[in-house]
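To start, the structure itself, in structure tokens.
The values are calculated or read from the model by the stated rules, or taken from the named source; none is laboratory data. These figures come from a predicted structure and were not determined experimentally. Note that we place each Cβ from the backbone using ideal geometry, even for glycine, and neighbour counts take in every protein chain shown. These area figures cover heavy atoms from the full protein model, side chains too; ligands, DNA and RNA do not enter into them. Shrake-Rupley method; radii C 1.70, N 1.55, O 1.52, S 1.80 Å.
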Amino acid sequence: MRIAILLSCLLVVQFSAKAQYNTLWIPDTLSGTNFNLVLKDTFAQLRTGNQTITAGVNGAFWGPTLFVNKGDVVHMNVYNKLNDSTTIHWHGFHLPAVMDGGPHQIIPPGTLWQPYWKITNQASTYWYHPHLHEMTQEHMTKGLGGFIIVRDAEEAALLLPRTYGVDDIPLAITSRRYTTANQFVYTNTAYGDYVLTNGTPDAAVNLPKQVVRLRILNAETERAYNFGFSDNRTFYVIGNDGGLLNAPVSVTRLKLGVGERAEILVDLSNVAVGSSLDLKAYNSGQAFGFPGAEPGTSGEFGSLLNNKDFTVLHINVKATTAKPVTAIPSTLVNNTYLTAADASVSRSLTITGGQPAGNPFVFDNKAFEFNTINKTLDVNTTEKWTVTNTNIFSHAFHIHDVQFKIISRSTGAVGQYESGWKDVFYIAINETVNFVARFADYADPIHPFMYHCHFGNHEDEGMMGQFVVKGTTSTSDVANPLNYALFPNPANDRLYIQLADENAEVYYVTIFNTNGKAVMMLPQPQIQQGFDISALPQGAYSIQIMEKETKAVSTKKFVKL
Ligand code: C2O
Ligand code: CU
Ligand code: CU
């Protein structure tokens, strides 16, 4: 008996000495209505030996978590200090297309892009990430991205854990493949070999002995996750991509495809302080088509993690906090979901492959073309979309501008765990998924929104299409191009424009330096407030103003003191 205890102690010691964990990095937070995001090429120490060349937002890998309130107008100051052009997309948000940060809102290096919009999304976990066509996989692999957490009154009224970093933990889960010199591989690779949880390899976190909330994002290129806990405990899905569910849904496993988020509650009150458990990917034994089920360990579709169960987060249970949440709520919020009967337009999309040659995965036999608008929708219309996968693999379908409701899956019932507001869904081989969405508020005949597979490699290879939302107003009789005056000129910190025609609307303002390089890009600026040019170096500039209806541009010069 004593020998057995001694032996098991030795085994435990040996095992824990072998498992080397690093403290989970909790991204810094920014809150308010004005957010400064600086994109930079940098380095991170992710492995022993060489540092890895990365890119981050205000840091070395990934970026700060932005806390925003429903109803607020938020202003983003995105300063691209990378050596490359990129874009930053606000994934999951309902906003004007020109603010969306899709492939058309390119931010050249050295340029400040200043989109803003009113938060109308419900409390949930969203994210921002780069979206430059054919560069998305590379820019995301380097580490660009971050969480956006929306708060609202309905969520605030519930007894839920919400102390960030203590009982409310964001988890961006991804994996990377490295060269022998510790550099990221981002070509001809669908899967990483090593997990990164918030950029931390072999991550461990201390969590209190009580109900905790995990906000999980699948931030992979292609891999799907079948999450569960090492003791097979039940946990509770409380939120989907775009909001809380009507009531918690109890599960022991939860699948998340790329781009999907879930908020879960885990009750740790039955775990002894000082003991541990793991959040794991139970990815072994999945059917072909589950991304990461492929058997190989190397090559484009192989990985050291494929077809395996592996740990994504080691959890050490610590003492209960002063004000713990101790129960799983029985109900959450009252959602009024869209139904098929609400839709006045139906359209379908087919996931195809092989046509045209060279694009393995496309929509309707047509690869993405930058200047082709695939669909034109009417604003304030509710539509039913039918997506059919005739393809040889599964995908993660995502659409911009809206949160939708999945109404049916041809392979069976829609899971309770995905019964809420969604902006991404997993679609299996030979499956048809129907969803209903309302394309409200924002019309723009020029800037499109995207729909695409969220696998970074698939979207870069052309598995993407675009739609414009058409308005109902007739074209204006505004003078074209705009007549306006600039003042003061020279200007010190604020530059104002005075429009000759007060009915005219400015669609876009771009400020160029004398080399013709864009230094500031201001979509639909609020011109009464002027433009903050205090960060520009002294010198001569030109300002280009685009009129909203005609998109005609006119240019004037000014001097910054
Ligand atoms: Cu998360 Cu079109 O993107
Ligand atoms: Cu998106
Ligand atoms: Cu795909």
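Within the straight-line cut-off of under 21 Å between alpha carbons, the lysines reachable from Lys323 are Lys209, sequence neighbours fewer than 8 places apart in one chain being disregarded. Take the Cβ atoms of Ser275 and Leu304, set R0 to 35 Å, and the FRET efficiency comes out at 0.80. Would you mind checking the pairs Lys375/Lys422; Lys422/Lys470; Lys118/Lys142; Lys470/Lys557 and listing those with alpha carbons more than 27 angstrom apart? Violating the 27 Å Cα-Cα cut-off are Lys118/Lys142; Lys470/Lys557. Calculate the length of the line joining the C-alpha centroid of the stretch 97-139 to that of the stretch 296-343, in whole Å. With the stretch 97-139 and the stretch 296-343 each reduced to a Cα centre, they are spaced 25 Å. Rounded, prolate or oblate: which fits the stretch 438-561, taking a ≥ b ≥ c as square roots of the Cα gyration tensor eigenvalues, rounded meaning a/c under 1.5, else prolate when a/b beats b/c? Oblate is the answer for the stretch 438-561, as a/c is 1.5 or above yet b/c matches or exceeds a/b. Using only the Cα atoms of the chain, each taken as one equal point scatterer with no solvent, compute I(q) by the Debye sum, divide by I(0), and report log10 of the ratio at q = 0.11 Å⁻¹. Reported log10 I(q)/I(0), two decimals: -1.03.
For the chain, the solvent-accessible area with a 1.4 angstrom probe is 40 square angstrom per residue.
The peptide list 88-101, 334-347, put in order of mean Cβ contacts within 10 Å with the highest first, becomes 88-101, 334-347.
Over the chain, dividing the summed -39,500 (n - 2.57) contributions of all DSSP H runs of at least 4 residues by the number of residues returns a 222 nm mean residue ellipticity of -1500 deg cm²/dmol. DSSP beta bridges fully contained in the chain are about 70 percent antiparallel. Once the Cα atoms are used to define both axes, helix 2-18 deviates from the longest principal axis of the chain by about 20 degrees. Got a number for carbon plus sulfur as a percent of the chain's accessible area, 1.4 Å probe? Roughly 51 percent, rounded to a whole number.
Computed about the Cα centre, the dipole magnitude for the stretch 484-560 is approximately 360 debye when only Lys and Arg (+1) and Asp and Glu (-1) carry charge, each at its Cβ. Annotation: peptides 526-534, 287-295, ranked by per-residue average of other Cβ atoms within 10 Å with the highest first, follow the order 287-295, 526-534.
Protection proxy ranking, highest mean first, for peptides 64-73, 398-407, 44-53: 398-407, 64-73, 44-53, where packing is the per-residue count of other beta-carbon atoms within 10 Å, averaged. Computed from point charges on the beta carbon alone (+1 for Lys and Arg, -1 for Asp and Glu), the dipole magnitude for the chain about its Cα centre is near 1220 Debye. Taking only alpha carbon atoms, the stretch 340-470 gives an Rg to Rh ratio of 0.95, where Rh is the Kirkwood radius.
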